[in-house]
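Chemist: Sharing a structure below in structure tokens format, with a few things to ask.
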Amino acid sequence: MTPFVAEIVGTAILLFLGISSCAGMTLKKSFAHQAGWMAVNFSWGLAVMIAIYAVGEYSGAHLNPVVTLSFAFIGKFPWDQVPSYITAQLLGAFLGATASYLQYLPHWKETGDSKVKLGVFATGPAIPHTFANLFSEMLGSFVLILALLSIGANKFTDGLNPLIVGFLIFCLCMSVGGTTGAALNPARDFAPRLAHSLLPIPGKKGSNWPYAWIPVVGPILGGCLGGLFYQAVFLGRPSPQLWYVLGVSVMALVTAHLFSRKGSSLIKGARKAA
């Protein structure tokens, strides 16, 4: 299996298992209906573990553009392979989301809430707040890459590493997922959101595209910062790229803060007018 095919297959496995757990918990007349937040997060952790076991030998099981980009920034992955890996991850995520849609085909019609249907595919904020939502995704992804590199620096019994990474994902989902659903992976959010937009889901409404940039930009900036921070602090090899990415991150957060203030002012003005 080529690395390109492996990334498609691995990401499809990850998204099929993860999104299916969301569908099972939230769609009506599913035996897993209302299984709970912990069950879904644990399923996502297991999904990551299984996907890594499946394709790790062939591609390194990045399964996430953040992993690919952050590893490229610190010299652990060649830049010329970045476009093919990210393309494969997006394709695999779309295929996995589509497979989940087919798995629960009769349940979409039984579920009336369009927000629930969107939530099966894509993440969203518990409280819409541009700055806080962006910061949450950045911080979670920073910890993700920092932890992945730290795990990789330790020696484990053969075959144990994917299990540890699975528990890392479970821990992150439980600890930071309460704010934005913890996308931590642009492919995990963008491709399923696109699938939601294109698939003939009964009773669906919009795919909340105005929010969609946050689970893309936040994880990329935070994850790359995490990798460059690890290289500078843990390995003692600071790179000028750290300051470039940090500067872009600060500008993104400042812009998000200004948008948040503008949004709050508009809401207050509307309330006064009412």
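Chemist: Return a yes/no flag: does the stretch 145-166 have any residue that is under 22 Å from G92 (Cα atoms), under 12 Å from the mean Cα position of the chain (by Cα) and either of a type in the set (K, R) or modelled with pLDDT of 95 or more (or both). Even if it seems obvious, please write down each step before you answer.
Modeler: Our first condition is that a residue be under 22 Å from G92 (Cα atoms); within the stretch 145-166, this holds for 145, 148, 162-163, 165-166.
The next check asks that each one be under 12 Å from the mean Cα position of the chain (by Cα); those that pass are none.
Looking for residues that are under 22 Å from G92 (Cα atoms), under 12 Å from the mean Cα position of the chain (by Cα) and either of a type in the set (K, R) or modelled with pLDDT of 95 or more (or both), one finds none in the stretch 145-166, hence no.
Chemist: May I pose another question? What helices (runs of 4 or more DSSP H) lie completely within the stretch 122-235 and have 1 or more residues being free of Cβ contacts under 8 Å to residues at least 24 places away in the same chain and within 26 Å of V55 (Cα to Cα)? Before the answer, list the steps.
Modeler: Details: elements: 130-152, 161-180, 186-198, 214-229.
The qualifying helices (runs of 4 or more DSSP H) are 130-152, 161-180.
Condition check ((1) within 30 Å of G112 (Cβ to Cβ); (2) surrounded by 17 or more Cβ atoms within 10 Å (Cβ to Cβ); (3) of a type in the set (F, W, Y)) across all residues:
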residue	(1), (2), (3)
M1	no, no, no
A12	yes, yes, no
W37	yes, no, yes
S43	yes, yes, no
V48	no, yes, no
Y53	no, yes, yes
A61	no, yes, no
N64	no, yes, no
S70	no, yes, no
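Chemist: Shifting gears a bit: Any idea which of A23, A122, A88 is among the aliphatic types (A, V, I, L, M), touching a His at 6+ places or on another chain (Cβ under 8 Å) and within 22 Å of V216 (Cβ to Cβ)? Show your work before the answer.
Modeler: Working: A23 fails: within 22 Å of V216 (Cβ to Cβ); A88 fails: touching a His at 6+ places or on another chain (Cβ under 8 Å).
The unique qualifying residue is A122.
Chemist: Name every residue in the stretch 71-85 that is touching a Leu at 6+ places or on another chain (Cβ under 8 Å) and in a helix (DSSP H, G or I), in order of residue number.
Modeler: Of all residues in the stretch 71-85, those touching a Leu at 6+ places or on another chain (Cβ under 8 Å) come to 73-74, 82.
Once the filter is applied, which keeps residues that are touching a Leu at 6+ places or on another chain (Cβ under 8 Å) and in a helix (DSSP H, G or I), the stretch 71-85 yields F73, V82.
Chemist: Given S114, S136, S150, S141, which one is surrounded by fewer than 19 Cβ atoms within 10 Å (Cβ to Cβ) and touching a Gly at 6+ places or on another chain (Cβ under 8 Å)?
Modeler: Working: S136 fails: surrounded by fewer than 19 Cβ atoms within 10 Å (Cβ to Cβ); S150 fails: touching a Gly at 6+ places or on another chain (Cβ under 8 Å); S141 fails: surrounded by fewer than 19 Cβ atoms within 10 Å (Cβ to Cβ).
The match here is S114.
Chemist: Which of (1) more than 19 Å from the chain's Cα centre (by Cα); (2) in contact (Cβ under 8 Å) with a residue 12 or more places away in the chain does L15 not meet, given it meets every other one?
Modeler: L15 satisfies all of (1) more than 19 Å from the chain's Cα centre (by Cα); (2) in contact (Cβ under 8 Å) with a residue 12 or more places away in the chain except (1).
Chemist: Same structure again: If you scan the stretch 22-59, which residues turn out to be outside any helix (DSSP H, G or I) and farther than 28 Å from L160 by Cβ? Please lay out each step first, then the result.
Modeler: The initial filter retains those residues of the stretch 22-59 that are outside any helix (DSSP H, G or I), namely 27-36.
Correct list: L27, K28, K29, S30, F31, A32, H33, Q34.
The values are calculated or read from the model by the stated rules, or taken from the named source; none is laboratory data. Since this is a predicted model, take the numbers as computed values, not measurements. Backbone-built Cβ (ideal geometry, glycine too); neighbour counts: all protein chains shown.
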